[in-house]
Amino acid sequence: MLTRLQRAEDEWGGKNKLIDQWLHNRRTLLIHYFKLANLPPSDNKDSSLPEPEGVHSFCNMLVDYVSEGHFEVYDQVVSECEKHSDDRRQAASSLVPQIARSTDVALDFNDKFGTKLTSEDERMLELDEELSRLGQAMEERFAYEDQLLDTLHKKVTAELQTNP
């Protein structure tokens, strides 16, 4: 996931402040995900359950990231694509429902773990399995989001070639 993010930052970074902020927020979310899941490149060698506060904080970041996409980024990208051609608008619009599937998984995760937990809370025993499910959904989401950004990039590139 971090490799995909790096490619996205290399490809689309620096072209739009909203996109830059969104990719930065994706990086922050991924770093916290890897720490919470105790996956590389996390330097946490402890195999115990994460602190409940860390889970709660991650849930807040997750909901913020998902919301930012749906309520800020996607609409802007679709609108920008619409200005260029109906085909690009349709392509961008068709990706949003595919992205929405992972939103349900993220919101389910937040519903389960977003409330204040204690280390004795039985839900913490399900955290690894739920993190794995969330990770798979988010990886799919990032791929669709990158396709959305690529659609916008093609629009911008076509405009620059038409209007040098």
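The values are calculated or read from the model by the stated rules, or taken from the named source; none is laboratory data. Everything numeric in this text was worked out from a predicted model, so none of it was measured. Cβ atoms come from the backbone with ideal geometry, glycine included; neighbour counts cover every protein chain shown. Ligands, DNA and RNA are stripped out before the accessible areas are found, and what is left, the full protein with its side chains, is counted by its heavy atoms. Shrake-Rupley method; radii C 1.70, N 1.55, O 1.52, S 1.80 Å.
Does the stretch 102-115 contain any residue that is outside any loop (DSSP other than H, G, I, E, B), small (Gly, Ala, Ser) and modelled with pLDDT of 95 or more? Walk me through it before giving the result.
Of the residues in the stretch 102-115, the ones outside any loop (DSSP other than H, G, I, E, B) are 102-113.
With the extra rule that they be small (Gly, Ala, Ser), the set shrinks to 102, 106.
Applying the additional criterion that residues be modelled with pLDDT of 95 or more yields 106.
Yes: the stretch 102-115 contains one or more residues that are outside any loop (DSSP other than H, G, I, E, B), small (Gly, Ala, Ser) and modelled with pLDDT of 95 or more.
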- Query: Hey, among the residues in the stretch 134-146 that are among the aliphatic types (A, V, I, L, M) and surrounded by fewer than 19 Cβ atoms within 10 Å (Cβ to Cβ), which one's nearest to residue 3 (Cα to Cα)?
  - Reply: 143
- Query: Of all residues in the stretch 9-20, how many are at pLDDT 75 or above and of a type in the set (A, V, I, L, M, F, W, C)?
  - Reply: 2
- Could you please find all residues in the stretch 109-124 being without any contact (Cβ under 8 Å) to a residue 24 or more places away in the chain and out of contact with any Lys or Arg (no Cβ under 9 Å at 6 or more places or on another chain)? 111, 120, 122
- For residue 120, are the conditions met, namely being among the charged types (D, E, K, R) and part of a helix (DSSP H, G or I)? no
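Please verify whether the stretch 123-133 includes one or more residues that are within 17 Å of the chain's Cα centre (by Cα), on the phi < 0 side of the Ramachandran plot and crowded, with 19+ Cβ neighbours inside 10 Å.
The answer is yes, given that some residue of the stretch 123-133 is within 17 Å of the chain's Cα centre (by Cα), on the phi < 0 side of the Ramachandran plot and crowded, with 19+ Cβ neighbours inside 10 Å.
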- Here the residues within the stretch 84-100 that are polar (S, T, N, Q) and open to solvent by less than 50 Å² (accessible area, probe 1.4 Å) are 85, 93
- Note on the structure: Exactly one of 115, 103 is of a type outside the set (A, V, I, L, M), surrounded by 15 or more Cβ atoms within 10 Å (Cβ to Cβ) and either more than 30 Å from residue 78 (Cα to Cα) or within 14 Å of the chain's Cα centre (by Cα) (or both), and that residue is 103
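Open to solvent by less than 50 Å² (accessible area, probe 1.4 Å), assigned to a helix (DSSP H, G or I) and at pLDDT 90 or above: does that describe residue 74?
Judged against the criteria, residue 74 is not a match.
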